[in-house]
Amino acid sequence: MILSMMIQVMKRIAYCLVLMLCGVSCVSQKPPKSALIADVDPIPLGSVGIAFDPLFSSTLDTKDVSVSFNPRDDTVSLEFRYQTVIYRQYWDQAGREQFIAAVQRYHTDFEARNLNTKASKSRTAYGTTQARAEWGQFAFSVNARSYPRMDLGYRFKENSPYFTVVQREAPDTITPSADGSRMSLQITTYFTRSVADKVAAFFNQAYLLGILEANLEDAPEEPVSDSYF
């Protein structure tokens, strides 16, 4: 009888300890850190010639894509016009690192002649990541926003291989439609090896922090106020 009571007491104590540990664990979980690096306006980095599938042709259409660093959320944005809409892809640091690693693997496969001509096998050859996509009819306007999957791989066009990023369809989160028809388009971007290297250089975190530091050093100092009251 006594032994049975002692066992029940021990079980209750153990149960209470579990609850206490769970409570401590929940309280001690740190909130996600803000991606803010500096409260600074977007910094233009330059432009690159990235190719796209045209509407009514089999020949790739190369466009100048503007690249900017956004210190407020630690993203790099690629801005381009696709069909009649201006798109901006925002790559966070994790996505940028995946892009850089994918480009390095593509170089290795290219040099070793290991590339597969079947698009079904090559589209996600180097994995997938996620980005933020925003689009609108005019520059600096944001009418819609989605968080599409980005496939990292390559594809042959006219017997020539290109490193590719496929932005998959994803629903608009600003004004979602009831039937799910309001979506970001699926967009494939094609990079020659030199262009992929240039974008990878723009994506390098050390490079971005150096650009930010130089930008802050060049910023004019605010004039000292002589206001007395």
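Annotation for the range 115-190: chymotrypsin sites (Phe, Trp or Tyr not before Pro) lying in DSSP loop with at most 12 further Cβ atoms inside 10 Å of their Cβ are PHE138, PHE140. Taking amide hydrogens as placed 1.01 Å from N in the peptide plane, the amide H of TYR154 sits under 5 Å from those of ARG123, ALA125, THR164, each at least 5 positions away in sequence or on another chain.
With K and R counted +1 and D and E -1, the other residues having a Cβ less than 14 Å from that of PHE52 yield a net charge of 0.
For SER58, SER66, SER184, what's the fewest-to-most ordering of other Cβ within 10 Å of each Cβ?
Values: SER58 8, SER66 16, SER184 25.
Starting with the residue having the fewest Cβ neighbours, the order is SER58, SER66, SER184.
Take every Cα-Cα pair in the range 43-215 and report what % of them are more than 22 Å apart. Cα-Cα pairs of the range 43-215 separated by over 22 Å account for 44 percent.
Quick one: net charge of THR128's neighbours, Cβ under 13 Å, K/R +1, D/E -1? With Lys, Arg at +1 and Asp, Glu at -1, the neighbours total +2.
Filter LYS121/LYS157; LYS63/LYS118; LYS63/LYS157; LYS118/LYS198 down to the pairs with a C-alpha to C-alpha distance above 20 Å, please. Numbers along the way, then the final one.
Working: LYS121/LYS157 15 Å; LYS63/LYS118 26 Å; LYS63/LYS157 17 Å; LYS118/LYS198 26 Å.
Over 20 Å apart, Cα to Cα: LYS63/LYS118; LYS118/LYS198.
With neighbours defined as other Cβ atoms within 10 Å of a residue's Cβ, the residues ASP151, ASP39 order from fewest to most as ASP39, ASP151. Under a 5 Å amide H cut-off, with hydrogens placed 1.01 Å from N, VAL40 pairs with ARG72 among residues at least 5 apart or on other chains.
Across the range 120-126, computed HN-Hα scalar couplings (Karplus, 6.51 cos²θ - 1.76 cosθ + 1.60, θ = phi - 60°) run 5, 9, 9, 4, 10, 4, 10 Hz from first to last residue, x flagging Gly and Pro.
None of the figures in this text is laboratory data; all of them are computed from the coordinates on show. Because the structure is predicted, anything quoted here is derived from the model rather than measured. Heads up, the Cβs are rebuilt from the backbone with ideal geometry, glycines too, and the neighbour counts pull from every protein chain shown.
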